[in-house]
Amino acid sequence: MPDLRFSSQPPAHTEIPRPKRAEGQWSLGYTEPLNKNEQSKKDDDPLNVRDRILYTYSKRGFASIDPADLRGRFRWMGLYTQRAPGFDGGKTAMLEEEELDDEYFMLRVRSDGRLLSHEAVRALGTIGVDFARDTADVTDRENIQYHWIRIEDVPEIWERLDAAGLSSLEACGDSPRPFLGSPVAGVAKDEIIDGSSALEEIFDRFIGDPAFSNFPRKFKTALTGHPSHDVSPETNDVSFVGTVHPEHGPGFDCWVGGGLSTNPRLAEKMGVWIPLDEVADVWSAVASVFRDYGYRRLRSRARLKFLVADWGIEKFREVVEKEYLGRELVSCDSPPSPTGHRDHIGVHEQKDGKYYVGLAPVAGRVSGSLLVALADTIEQYGVAGARLTPYQKIVLVGVDADRVEDLVTRLEEIGLSARPSQWRRNTMACTGIEFCKLAIVDTKERARDLVAELEKRFPDLDTPITVNVNGCPNACARTQIADIGLKGQLVMHEGEQVEGFQVHLGGATGLQANFGRKLRAHKVTSAGLDDYITAVVGNYLVDRQAEESFATWVARAEEELLRGELALTTS
């Protein structure tokens with residue numbers, strides 16, 4: 001294990017809780033790898049694979065790639081092999097990973113909350129057109145995600161990204177994954193503090209640094225100075241959330257240990273005040289605790305949330321302060337949680353008198369051609385730039401007041417709506433079985449069809465109802481915190497296994513933060529999904545009280561109404 005990972009750490013000043021068995025925690029002396037993933041990272045720092053891609057694999061082709069790089073270290077460059085066609089969901093858990101590999105890659109490009117110029121958006125679009133069979137998705141990590149990438153084309157793709165100020169470095173892997181930043185940073189009228197400079201500093205100091213390239217597992221970061229908490233801070237490993245200290249003014253609280261997947265947990269709030277210029281130092285301290293004390297024995301327990309759960313937030317803060325920061329943080333009540341989370345869709349006035357415009361693709365699916373058209377529109381209308389959002393949306397920033405309506409009309413013509421239906425606005429979907437080797441069911445196309453059908457059945461829905469569609473239990477689309485969360489699985493129907501979903505109802509973040517309610521033995525087939533959601537939403541609309549949200553109604557509703565077994569009608 002490289003000594004640099006411990007050499008800068010001051011002597012311990014606090015008693016560290018020791019688990020009952022060895023969990024592979026470096027700082028407790030367990031430095032020998034306890035699984036193949038840890039062994040691979042010890043054998044060679046994953047950051048070194050970049051040169052092999054540039055100078056060996058891209059020239060010799062897919063067959064030349066070392067399997068340890070292909071299914072491991074490539075992820076640090078934002079590359080995953082995609083699912084080979086012809087394997088249904090029943091094969092997902094039955095076949096080895098290499099049996100599901102196609103000779104093409106998914107590539108993630110990180111934006112990290114940056115404002116993307118029209119040149120950057122055009123670069124993203126032309127990469128999709130030229131190298132990815134016109135694919136491009138906006139993900140809920142504020143990435144652009146491509147498919148059908150050939151290893152031979154990766155060097156030129158990287159050249160284009162570099163020229164546009166973008167990168168795929170550490171977009172995947174046991175690394176600092178792409179950051180979530182507020183889409184309206186620096187422009188929103190009600191913003192508490194603009195944290196853009198802190199995200200830039202974290203990126204510049206730590207992305208690509210070997211001291212932070214080997215975490216126990218993924219490490220997700222979010223930062224917002226907006227009171228709507230528009231980056232899902234409850235579900236990230238570390239989040240910085242705008243707050244105001246009565247004496248020191250605007251700064252950030254720090255929340256740690258959030259995450260979903262098969263063991264969902266909401267982040268714990270430290271209750272501190274961190275000035276803007278110290279955010280990167282605190283990020284480094286939290287990340288270092290995870291690196292040095294995180295559980296490396298089992299991948300299923302290797303997220304920060306398990307360490308925070310075992311230690312408690314007080315002990316975690318103590319270790320951050322005494323072992324890594326060398327100083328105490330200023331205590332401050334955590335900021336109040338909002339009711340719901342703002343997605344910034346629509347037209348909104350900025351604090352400088354200009355406007356920002358939030359746009360809704362359907363379930364995040366765009367294309368290279370659409371991004372090129374968007375770049376042309378941004379340039380034509382003199383827009384300052386675009387940001388991606390944690391809800392698979394796009395926000396255009398810096399629109400002149402007298403050009404807003406013409407711009408909105410033009411965007412509608414190219415397929416991006418600033419005034420979408422509630423269903424288009426509030427539906428998200430992960431990649432699904434089309435490309436993902438972990439998926440069991442189709443998600444993107446199913447979500448698009450679902451939106452189209454619900455728009456017909458409830459054309460004038462007067463309240464937001466979020467629908468998150470996930471292709472497996474890993475919750476990439478945040479299944480558990482949606483009004484209607486759909487976790488893909490195979491279900492029995494008339495004696496046969498078919499695509500379907502386990503249903504989570506009434507999940508939320510913000511003031512009502514909780515995980516969705518699961519009904520015992522309740523599954524819905526994919527084919528029956530339209531009718532099921534129609535029944536549940538119809539029951540809500542009939543049975544709700546004045547201004548009662550869907551999540552609040554779910555908490556009190558009779559189970560037969562939630563199962564869709566009884567359909568209420570208006571008298």
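The values are calculated or read from the model by the stated rules, or taken from the named source; none is laboratory data. What you are looking at is a predicted structure, and each value in this text was computed from that prediction instead of being measured. Don't worry about glycine lacking a Cβ; one is built from the backbone with ideal geometry, like all the others, and counts go over all protein chains shown. Note: accessible area is taken over every heavy atom of the protein model, side chains too, but ligands, DNA and RNA are not part of it. Shrake-Rupley method; radii C 1.70, N 1.55, O 1.52, S 1.80 Å.
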**Complete:** Within region 45-77, the count of residues that are of a type in the set (D, E, K, R) and in contact with a Lys or Arg (Cβ under 7 Å, 6 or more places away or on another chain) comes to 1
**Prompt:** Across region 343-370, what is the number of residues that are open to solvent by 10 Å² or more (accessible area, probe 1.4 Å) and either under 25 Å from W148 (Cβ atoms) or assigned to a helix (DSSP H, G or I) (or both)?
**Reply:** 6
**Prompt:** List, please: which pairs have Cβ atoms under 6 Å, are six or more places apart or on different chains, and start with a residue in region 387-413 that is in contact (Cβ under 8 Å) with a residue 60 or more places away in the chain and end with one that is basic (K, R) and open to solvent by less than 60 Å² (accessible area, probe 1.4 Å)?
**Reply:** V395/R387
**Asked** So which residues in region 1-20 are modelled with pLDDT of 80 or more and hydrophobic (A, V, I, L, M, F, W, C), if there are any at all?
**Response** I16
**Prompt:** Tell me, which residue of region 384-429 that is open to solvent by 20 Å² or more (accessible area, probe 1.4 Å) and of a type in the set (A, V, I, L, M, F, W, C) is farthest from A136 (Cα to Cα)?
**Reply:** A401
**Request:** Only residues that are surrounded by fewer than 20 Cβ atoms within 10 Å (Cβ to Cβ), on the phi > 0 side of the Ramachandran plot and touching a residue at least 24 places away in the same chain (Cβ under 8 Å): list them for region 233-276, please.
**Result:** S261, G271
**Request:** Output the qualifying pairs, or none if there are none: Cβ atoms under 8 angstrom, residues six or more apart or on different chains, first residue in region 303-326 and touching a residue at least 24 places away in the same chain (Cβ under 8 Å), second residue assigned to a helix (DSSP H, G or I) and open to solvent by 50 Å² or more (accessible area, probe 1.4 Å).
**Result:** L325/D281
**Message:** Let me confirm something: among E23, E98, which residue is at pLDDT below 95 and crowded, with 17+ Cβ neighbours inside 10 Å?
**Reply:** E23
**Request:** Those residues that are open to solvent by 10 Å² or more (accessible area, probe 1.4 Å) and of a type in the set (D, E, K, R), I need them from region 282-295; list them, please.
**Result:** R291
**Prompt:** Under 6 Å by Cβ, and 6 or more places apart or on different chains, what pairs join a residue from region 527-547 that is more than 18 Å from D442 (Cβ to Cβ) with one that is open to solvent by 50 Å² or more (accessible area, probe 1.4 Å) and modelled with pLDDT of 95 or more?
**Reply:** T534/R457
**Request:** Please work out if R478 is under 24 Å from T389 (Cβ atoms) and not aliphatic (A, V, I, L, M).
**Result:** yes
**Prompt:** If a residue has to be open to solvent by 40 Å² or more (accessible area, probe 1.4 Å) and touching a His at 6+ places or on another chain (Cβ under 7 Å) to count, how many in region 134-171 make the cut?
**Reply:** 0
**Complete:** Among Q502, Q489, the single one that is free of Cβ contacts under 8 Å to residues at least 24 places away in the same chain and crowded, with 17+ Cβ neighbours inside 10 Å is Q502
**Asked** How many residues are part of a strand (DSSP E or B) and touching a helix residue (DSSP H, G or I) at 6+ places or on another chain (Cβ under 9 Å) when one looks only at region 155-202?
**Response** 4
**Prompt:** Can you name the number of the only condition in (1) touching a helix residue (DSSP H, G or I) at 6+ places or on another chain (Cβ under 9 Å); (2) in a helix (DSSP H, G or I) that E405 fails?
**Reply:** (1)
**Message:** Here is a check on your reading of the model: is T126 of a type in the set (S, T, N, Q), more than 19 Å from the chain's Cα centre (by Cα) and open to solvent by 30 Å² or more (accessible area, probe 1.4 Å)?
**Reply:** yes
**Prompt:** Which ones in region 303-351 are over 27 Å from the mean Cα position of the chain (by Cα) and of a type in the set (A, V, I, L, M, F, W, C)?
**Reply:** V319, L325, L329, V330, C332
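Looking only at region 277-296, which residues are touching a Phe, Trp or Tyr at 6+ places or on another chain (Cβ under 7 Å) and touching a residue at least 40 places away in the same chain (Cβ under 8 Å)?
Hits for region 277-296 are V279, S284, A285, A287, S288, F290, R291, D292, G294, Y295.
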**Item:** Check on E191, under 24 Å from L359 (Cα atoms), in contact (Cβ under 8 Å) with a residue 24 or more places away in the chain and among the charged types (D, E, K, R)
**Value:** yes
**Request:** For residues that are under 25 Å from K36 (Cα atoms), among the small types (G, A, S) and open to solvent by less than 50 Å² (accessible area, probe 1.4 Å), tally how many sit in region 296-342.
**Result:** 1
**Message:** Kindly evaluate L438 against the criterion of being within 17 Å of T139 (Cβ to Cβ), open to solvent by 20 Å² or more (accessible area, probe 1.4 Å) and either more than 20 Å from the chain's Cα centre (by Cα) or modelled with pLDDT under 95 (or both).
**Reply:** yes
**Enumerated strands (runs of 3 or more DSSP E) restricted to region 427-522, each holding at least 2 residues that are over 30 Å from Q545 (Cβ atoms) and in contact with a helix residue (DSSP H, G or I) (Cβ under 9 Å, 6 or more places away or on another chain)** = 484-493, 496-505
**Asked** What are the pairs, 6+ residues apart or on separate chains, where a residue within region 62-74 that is under 16 Å from N48 (Cβ atoms) has its Cβ under 6 Å from a residue that is in a helix (DSSP H, G or I) and open to solvent by less than 40 Å² (accessible area, probe 1.4 Å)?
**Response** I65/Y57; A68/S40; D69/V49; G72/S40; R73/P46; R73/V49
